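Novice: Structure incoming, see below.
The values are calculated or read from the model by the stated rules, or taken from the named source; none is laboratory data. All figures in this text were calculated on a predicted structure; none of them were measured in a lab. Cβ placement follows ideal geometry from the backbone for every residue including glycine, while neighbour counts extend to all protein chains displayed.
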Amino acid sequence: MIGQYTAADLAHFLRRRELLRQADRGEITADQACAALGIRPISGGALPVTITKTQVASTDSPANAPTVFNTNTYQALEDLFGIPDALAVGRALLRSVLAGCQLSNDGTTPNSVIDVAAGIAMSSDQLLLMDIGAFTGSTAGIWATGTGANKMDTSTAVAANTWYHVYVIGGGGTATDILFSTNATAPTLPSTYTKQRRLGSFKTAAASTNILAFTQTGDYFLWTASVLDIDGPANPGTNAVTRTLASVPTGVSVFPIFTANMDASTSTTVVVLSDLSANDEVPSESAAPLGLLRSAANGLDSAFIGGGIRTNTSGQIRSRFSSSTAAATLRIATLGWIDRRGRDS
């Protein structure tokens with residue numbers, strides 16, 4: 001159920017709208033539409049004189065429309081008979097929908113081409129449901145239309161060690177396409193395009209412009225090769241330290257998937273890892289927030305974190321040790337990340 005409407009309500013509303021559109025096109029009379037809707041027919045089979053073509057006029061009215069009807073007449077009838085707006089209900093049911101559109105390195109040219117699977121995506125402004133077939137796009141140059149073409153939004157040259165975000169784009173009467181941008185929220189759209197939705201992200205290698213290998217299942221992104229993002233420094237102290245995970249996307253908040261370990265100091269040590277938007281709390285063996293890592297003196301402890309901590313838009317989280325000496329060290333190897341990709345908007 002969406003608000004006060006169920007899926008059955010939507011189906012009923014859509015049936016009503018279609019009947020009214022048939023009347024709009026002159027295929028049936030207003031009386032016939034009313035009868036099919038279970039509404040008392042309008043006397044004489046015509047609209048009341050208070051609803052005129054001027055009142056419901058539209059710039060997209062067909063030239064052969066009947067004298068009173070045009071393509072917006074169904075809205076006037078909805079207003080007259082109190083029929084809920086099926087389009088608004090449909091948008092509520094499909095708000096932020098994203099299905100399919102899975103990203104992957106291309107099988108033939110994995111270093112410079114991204115494949116996008118067929119799917120549907122609601123635009124970021126919730127106004128356009130975009131349907132796209134299987135697509136490929138290259139990092140070799142500035143955007144051009146169609147599958148297999150270059151897809152960079154503003155630059156003719158892809159950069160090394162850089163995050164790029166993949167979008168499906170549409171609107172403006174143009175064919176649905178894809179686009180790559182370093183901007184995580186507002187890509188530079190090609191002329192005539194008006195709508196976009198971010199599908200995910202990829203990164204180029206530090207020493208080249210090759211796209212790093214990854215796989216995706218839904219919101220789950222996994223590196224083919226894990227990356228040691230944090231390796232010390234030793235003796236971090238007992239205050240909070242901001243840690244940057246270079247192997248998760250920037251510009252958006254994601255849930256990193258990683259393994260971590262720490263070398264203990266000469267006493268029992270507890271380490272807590274946390275979201276920077278949460279309170280900075282002292283790790284403890286017995287009081288909240290406890291800790292994710294704990295080791296006795298001169299020991300080593302490891303943990304796997306499967307998406308329970310969120311990064312900020314700079315790919316950062318927080319660590320804090322309960323005690324620290326020259327032997328105390330934290331290491332984090334990033335395996336992947338979980339990216340909601342606007343599903344919660």
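Novice: Suppose the filter is hydrophobic (A, V, I, L, M, F, W, C), within 22 Å of residue 337 (Cα to Cα), over 14 Å from the mean Cα position of the chain (by Cα) and in the same structural domain as residue 107 (by TED's automatic domain parsing); does residue 212 pass it?
Specialist: On the way: hydrophobic (A, V, I, L, M, F, W, C): yes; within 22 Å of residue 337 (Cα to Cα): yes; over 14 Å from the mean Cα position of the chain (by Cα): yes; in the same structural domain as residue 107 (by TED's automatic domain parsing): yes.
So residue 212 fits the description; yes.
Novice: Another one. Can you pull out every residue in the stretch 153-169 that is in contact with a Gly (Cβ under 6 Å, 6 or more places away or on another chain) and over 19 Å from residue 221 (Cβ atoms)? Even if it seems obvious, please write down each step before you answer.
Specialist: Of all residues in the stretch 153-169, those in contact with a Gly (Cβ under 6 Å, 6 or more places away or on another chain) come to 156, 166.
Result: 156, single match.
Novice: Okay, next question. Quick one: count up the residues across the stretch 228-274 that are of a type in the set (Gly, Ala, Ser), touching a Gly at 6+ places or on another chain (Cβ under 8 Å) and within 21 Å of residue 295 (Cβ to Cβ).
Specialist: Residues that pass the stated criteria total 1.
Novice: When only residues in the stretch 169-192 that are at pLDDT 95 or above and outside any loop (DSSP other than H, G, I, E, B) count, which is surrounded by the most Cβ atoms within 10 Å (Cβ to Cβ)?
Specialist: Ranking the qualifying residues of the stretch 169-192, first place goes to 169.
Novice: Sticking with this structure for a sec: What are the residues in the stretch 278-313 that are free of Cβ contacts under 8 Å to residues at least 40 places away in the same chain and surrounded by 15 or more Cβ atoms within 10 Å (Cβ to Cβ), if any?
Specialist: 281, 283, 289, 291, 292, 293, 294, 295
Novice: Considering (1) modelled with pLDDT under 95; (2) closer than 26 Å to residue 111 by Cβ; (3) hydrophobic (A, V, I, L, M, F, W, C), say which one residue 143 fails and leave the rest.
Specialist: (1)
Novice: Another question, if that's okay. For the stretch 218-245, what are the residues that are within 25 Å of the chain's Cα centre (by Cα), part of a strand (DSSP E or B) and aliphatic (A, V, I, L, M)?
Specialist: 222, 225, 227
Novice: Which one of these is out of contact with any His (no Cβ under 9 Å at 6 or more places or on another chain), assigned to a strand (DSSP E or B) and closer than 24 Å to residue 253 by Cα: 126, 196? Break it down stepwise before answering.
Specialist: Working: 126 fails: assigned to a strand (DSSP E or B).
Just a single option satisfies the conditions, and that option is 196.
Novice: Taking the stated definitions as given, is residue 263 closer than 30 Å to residue 185 by Cβ and among the acidic types (Asp, Glu)?
Specialist: Values: closer than 30 Å to residue 185 by Cβ: no; among the acidic types (Asp, Glu): yes.
Considered against the rule, which asks whether it is closer than 30 Å to residue 185 by Cβ and among the acidic types (Asp, Glu), residue 263 comes out as no.
Novice: What residue, among those in the stretch 246-277 that are assigned to a loop (DSSP other than H, G, I, E, B) and modelled with pLDDT under 95, is surrounded by the most Cβ atoms within 10 Å (Cβ to Cβ)? Before the answer, list the steps.
Specialist: Of all residues in the stretch 246-277, those assigned to a loop (DSSP other than H, G, I, E, B) come to 246-254, 264-268, 275-277.
Still in the running and modelled with pLDDT under 95: 264-268.
Working: 264: 25, 265: 22, 266: 12, 267: 14, 268: 14.
Among them, the one singled out is 264.
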